[in-house]
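A short write-up of the structure that comes next.
Bear in mind that the values in this text are calculations on the coordinates, not laboratory data. Just so you know, these numbers come straight off a predicted model, no measurement behind them. Here Cβ is always computed from backbone atoms with ideal geometry, including for glycine, and neighbour counts include all displayed protein chains.
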Amino acid sequence: MNAEVTPSVVEGRVRAPPSKSYTHRAILAAGYSDGATVHGFLDSADTQATMRAVEAFGGQVDRTDEGPLSIDGFAGEPAVPADVIDCANSGTTTRLVTAAAALADGITVLTGDESLRSRPHGPLLDALSDLGVRAESTRANGQAPLAIKGPLAGGEVSIPGDVSSQYISALLMAGAVTADGIEIELTTELKSAPYVDITLEVLADFGITAEPIGATGAGGVRSAGADGFSVAGGQAYEPAGGSYHVPGDFSSMSYLLAAGAIAAAPDQAVIVEGAYPSAQGDSAIVEILERMGASISWDREAGEITIERSSLSGTTVDVGNTPDLLPTIAALGAVADGETVIENCAHVRLKETDRVAAMATELERMGASVTETEDSLTIHGGESDLHGATVDGYHDHRIIMSLAIAGLVATGPTTITGAEHVDVSFPAFFAVLEDLGVDVSQSTYA
């Protein structure tokens, strides 16, 4: 599907979708339990992959059109799946479920689409192998399909912290139900620490104790500077009252806030609901917009962020802990005066696509001036004059949504290919834009 975005002004009140990161972890945590109800979950292509995995391990997931997820879990003892687990395009599912599969006394095979089968899982496979599990890439390249044979008893293991925080989250979630627990030593600096904080928060809400080791807690991020992590074995997943409520997603909010900052109607605003404080590192988008000069206010108690059109100025942003914000920041930088420098972003090349290169290429196609290095992306806003173009969405939800935001202020219409992939995290994205007043049309491929 193609989506065509015509320059538009926006205004109104919208609700951000629930957090994809929290939803993944809550579904799997409920699977690890005897059973739990997950309220306010994100129903998307990615989270449905995690639901399928829970069912493959012997759990049951019941969904209604409007109600919560009712999950009968496998109580920390996943069965050997009767078939291959299809993780589709969800790297989060693959990594979290790989560790869960290590608990089963038999072979589990995980695979996914072409994009997923190009992403790295080697360090997690190595860690599981060091813990006595047979964990292999069928092509011996660290990529899916993966074959996992347990059972995992626990122990001490080393793993890099700068490839994917999801490796650590996977080991912590599985380690809680092992006999011996797991102690993780990080061999490199931890990147994306807020995502480990999300895991620790969800674990605590499900009654599981896990701790960072040697963390500095810099910037209010509990896991920041950690040398490792520890989770005791023999624990049981038991959420208070048998239920869990998923918070709103700041990664998705970033596109709505960016839309308000660059395209709000005169004397009007965009108000985003569901913005309650949590461990999400991507809430940094509020502070980043403030630094760029946006007129933005956050009522944390009400969970509402209000933003008006503003004259933005470039800034420097380290995305070591917030990799998913890079596409949004890049789009904002193409509109702002001066230079926007996005640093510490080499790990962002390992997502659904190389998001650094993708944003550089497509923003240049739209008239932006961009400089790319291995670990940085600089957008020269003063030298950029955005115009409509046909751009590639790379089958990547975050690239698609960021380019759509840039299209709001480009001269002429912008056509984004592969736009259906917003279903991964924000299925209603284009409908929400229309509710805000955006002129957007969708069409199937010719």
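For the stretch 20-245, the Kirkwood estimate of the hydrodynamic radius, built from every pair of different alpha carbons, is 17.0 Å.
Test of understanding: express the Cα radius of gyration of the chain as a ratio to 2.2 N^0.38 Å, with N the residue count. Don't jump to the answer; show the numbers that get you there.
Details: Rg = 21.2 Å, N = 446, 2.2 N^0.38 = 22.3 Å.
Cα-based Rg divided by the globular estimate yields 0.95.
For the pair residue 134 and residue 34, the difference between a 0.36 nm per residue extended length and the Cα-Cα distance amounts to 33.3 nm. Each of residue 276 and residue 216 was given a label point 7 Å from its Cα along the Cα-to-Cβ line. The distance between the two points is 3.2 nm.
Per the Cauchy relation, a quarter of the hull surface: what is the mean projected area of the convex hull of the alpha carbons in the stretch 174-240, in nm²? Could you put the intermediate results ahead of the total?
Details: hull surface 17.6 nm².
Average projection, Cα convex hull of the stretch 174-240: 4.4 nm².
Nearest 5 is fine: what % of DSSP beta bridges in the stretch 20-245 come out antiparallel, could you say? Don't jump to the answer; show the numbers that get you there.
Details: 23 of 33 bridges.
Expressed as a percentage, antiparallel bridges in the stretch 20-245 total about 70.
Each Lys or Arg adds one and each Asp or Glu subtracts one; over the other residues with Cβ under 9 Å from the Cβ of residue 251, this totals -1.
Under unit Cβ charges (Lys, Arg +1; Asp, Glu -1), what dipole magnitude, rounded to 20 debye, does the stretch 20-245 have relative to its Cα centre? Intermediate results must be reported in sequence, preceding the final value.
On the way: 12 positive and 29 negative charges, 88 e Å.
Roughly 420 debye, rounded to the nearest 20.
Taking 7 Å steps out from each Cα toward its Cβ at residue 156 and residue 1 produces label points 5.2 nm apart.
Once the C-beta distance of residue 390 and residue 82 is scaled by a Förster radius of 41 Å, the resulting FRET efficiency is 0.40 to the nearest 0.05. In terms of surrounding Cβ atoms within a 10 Å radius of their Cβ, 251, 243 rank from fewest to most as 243, 251. So if we plug the beta-carbon distance of residue 267 and residue 64 into 1/(1 + (r/R0)^6) with R0 = 30 Å, what FRET efficiency do we get, rounded to 0.05? That pair, residue 267 with residue 64, gives E of 0.10. Extension gain for residue 435-residue 411 works out to 6.5 nm (0.36 nm per residue, less the C-alpha to C-alpha distance). Projecting label points 7 angstrom from Cα along Cα→Cβ for residue 185 and residue 75 puts them 3.7 nm apart. Ranking 166, 14, 401 by how far each Cα lies toward the positive end of the dipole of the chain (charges on Cβ) leaves 166 at the top.
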